[in-house]
Amino acid sequence: MRAELAAGLLAPQASASPKFLYDALGSKLFEAICELPEYYPTRTEAAIFDAHLYDMARTIGRGTTLIDLGAGNCAKAARMFLMLQPLQYVPVDISVDFLRSAVDGLRQQFPQIRMTGIGMDFSTEMALPSAVRREKRLFFYPGSSIGNFTPEQAAALLGRIREACQGDGGLLIGVDLVKDKAILDAAYDDGLGVTAAFNLNMLRHVNGLLDADFDVRDWRHAAFYNEAASRIEMHLEARRDLTVRWTGGERRFAEGERIHTENSYKYTRQGFLQMLERAGFGAARTWTDEQGWFLVCHARVV
Ligand code: AVJ
């Protein structure tokens, strides 16, 4: 992880993976982002689930093996337990300690559901242990986190999910849709500056990881919708010429030079369905909000 970080910082176009946004404070700041009036995705997706949960449950059926990718606090899946009645719940996350405490709480509440927490970076491999039932696997990937991947990487991830589905599996996924640039720009550059703090906090996290000397005051948050690439880009921009040093390396940044910290791709319904189809999924059903801002999609292995 240190080597990956240092290599990104030293590249001609400096970058750092968005996974470094999520230390303890970063996770709290993201929770705060979800409360912002400008940040519509969380609220919009929740409203879609609320409005169509019954229909979704009928489409999916009972007794699934519910595999929650990037489960975090497991709250989104837990809200579906009563309606979905899964046989087994398998939350997957890189942040193992966070996951463990969430699952312990859920076990008390839902003793009838077998729970198998897994610490794994599913963005690189989908190695599910044999404790995970093979029957009726339902991969749950809400929040439009798929948007952090390039379309090529996203297609590869869907392919790995497809493989792990066995013959009778499916996928329930949330995807943020292309919309007016002004709405997207505001969602990632809010008036209160919470997203700015979330982005800048990565530098504090990197200081801890690499023993680096980033001063957050030397950097500013830059986020905008790149229409040509259908993606939000988040960057950290140097406010002055400066040098950053860390154990085993250093780099000069000129004023205005940027570190690319995140992409958040936006899809059209058609474009996303096409990607699902190419990955071997079919019989897709979709649900959206009135404004057509966010898409929830269920598809089966074909
Ligand atoms: C957690 C990746 C879905 O891309 O909207 C929110 C992260 N970044 N504000 C997103 C994020 C800035 C979020 N995802």
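The values are calculated or read from the model by the stated rules, or taken from the named source; none is laboratory data. Everything quoted here is computed from the prediction, not taken from an experiment. Cβ coordinates were reconstructed from backbone atoms using ideal geometry, including for glycine residues, and neighbour counts include every protein chain displayed. We work out accessible area using only protein heavy atoms, side chains counted, and drop any ligands, DNA or RNA first. Shrake-Rupley method; radii C 1.70, N 1.55, O 1.52, S 1.80 Å.
Hey, any idea what % of the chain's accessible area is carbon plus sulfur with a 1.4 Å probe?
On the way: 7150 of 14050 Å².
Carbon and sulfur together cover 51 percent of it.
With runs of 4+ DSSP H residues as the only contributors, calculate the mean residue ellipticity of the chain at 222 nm using -39,500 (n - 2.57) per run, divided by the residue total and rounded to the nearest 500. Write down the numbers at each step before the final one.
On the way: 10 runs with 109 residues, N = 302.
Mean residue ellipticity at 222 nm (helix-derived): -11000 deg cm²/dmol.
Evaluate E = 1/(1 + (r/R0)^6) for Glu163 and Arg62, where r is the Cβ-Cβ distance and R0 equals 30 Å; express this FRET efficiency to the nearest 0.05. Let's see the in-between values first.
On the way: r = 24 Å, r/R0 = 0.81.
Efficiency computed from Cβ-Cβ geometry: 0.75.
Kirkwood hydrodynamic radius, computed over distinct alpha-carbon pairs, for region 43-91: how many Å, to one decimal?
Working: mean 1/r = 0.0895 Å⁻¹.
For region 43-91, inverting the mean 1/r across all distinct Cα pairs yields 11.2 Å.
Please compute the modelled spin-label separation between Tyr54 and Glu35, points set 7 Å along Cα→Cβ, answer in nm with one decimal.
3.2 nm
Compute the separation of the alpha-carbon centres of region 137-197 and region 73-88 and state it in Å as a whole number.
20 Å
Report the calculated FRET efficiency for Ser27 and Val216 (r = Cβ-Cβ distance, R0 = 22 Å), to the nearest 0.05. Don't skip to the end; give the middle numbers.
On the way: r = 18 Å, r/R0 = 0.80.
According to the calculation, E is roughly 0.80.
Quick one: check the C-alpha center-to-center distance for region 234-254 versus region 273-291, whole angstrom.
42 Å
Starting at the first residue of region 290-302, write each ³J(HN,Hα) from the Karplus equation 6.51 cos²θ - 1.76 cosθ + 1.60 with θ = phi - 60°, in whole Hz, x for Gly and Pro.
Values, residue by residue: 4, 7, x, 8, 9, 10, 10, 9, 10, 9, 10, 5, 10 Hz.
Of Gly117, Gln274, Phe98, which is farthest on the positive side of the dipole of the chain, counting Cα position, with +1 on Lys and Arg Cβ, -1 on Asp and Glu Cβ, and the Cα centre as origin?
Comparing the listed Cα positions along the dipole, Gly117 ranks first.
If you look at just the Cα atoms of the chain, how large are its Rg and its Dmax in Å?
19.8, 59
Work out, in µm²/s and without decimals, the Stokes-Einstein translational diffusion coefficient of region 141-248 at 20 °C, 1.002 mPa s, Rh from Kirkwood over C-alpha pairs. Don't skip to the answer; put the middle values down first.
On the way: Rh = 16.7 Å.
The Stokes-Einstein estimate is 129 µm²/s.
Once you place label points 7 Å from the Cα toward the Cβ at Thr150 and Ala11, how far apart are they in nm?
Going from the Thr150 label point to the Ala11 one covers 0.8 nm.
Return the tail of the calculated pair distribution for region 18-131, meaning the percent of Cα-Cα pairs more than 16 Å apart. Please list the in-between numbers first.
On the way: 4154 of 6441 pairs.
That fraction is 64 percent.
Indicate the gyration tensor shape class of region 82-130 (rounded, prolate or oblate), computed on the Cα atoms with a ≥ b ≥ c the square roots of the eigenvalues: a/c under 1.5 is rounded; otherwise a/b larger than b/c is prolate and the rest oblate. Present the calculation step by step, with values, prior to reporting the outcome.
On the way: a/c = 2.50, a/b = 1.52, b/c = 1.64.
Oblate, because a/c is 1.5 or more while a/b does not exceed b/c.
From the residues Thr44, Met80, Gln13, which one has its Cα farthest along the dipole of region 2-123 in the positive direction, the dipole being from +1 and -1 charges on Cβ of Lys/Arg and Asp/Glu about the Cα centre?
Met80
For region 228-302, what is the charge dipole size about the Cα centre, in debye to the nearest 20, if Lys and Arg each add +1 at the Cβ and Asp and Glu each add -1 at the Cβ? Don't jump to the answer; show the numbers that get you there.
Details: 12 positive and 10 negative charges, 45 e Å.
Using Cβ point charges on Lys, Arg, Asp and Glu, region 228-302 gives about 220 debye.
Just to verify a number: FRET efficiency for Arg239 and Arg2, C-beta to C-beta distance, R0 = 25 Å, to 0.05?
Values: r = 26 Å, r/R0 = 1.04.
After rounding, the FRET efficiency stands at 0.45.
Dipole size in debye (nearest 20) for region 41-141 around its Cα centre, Lys and Arg Cβ +1, Asp and Glu Cβ -1?
Rounded to the nearest 20 debye, it is 400 debye.
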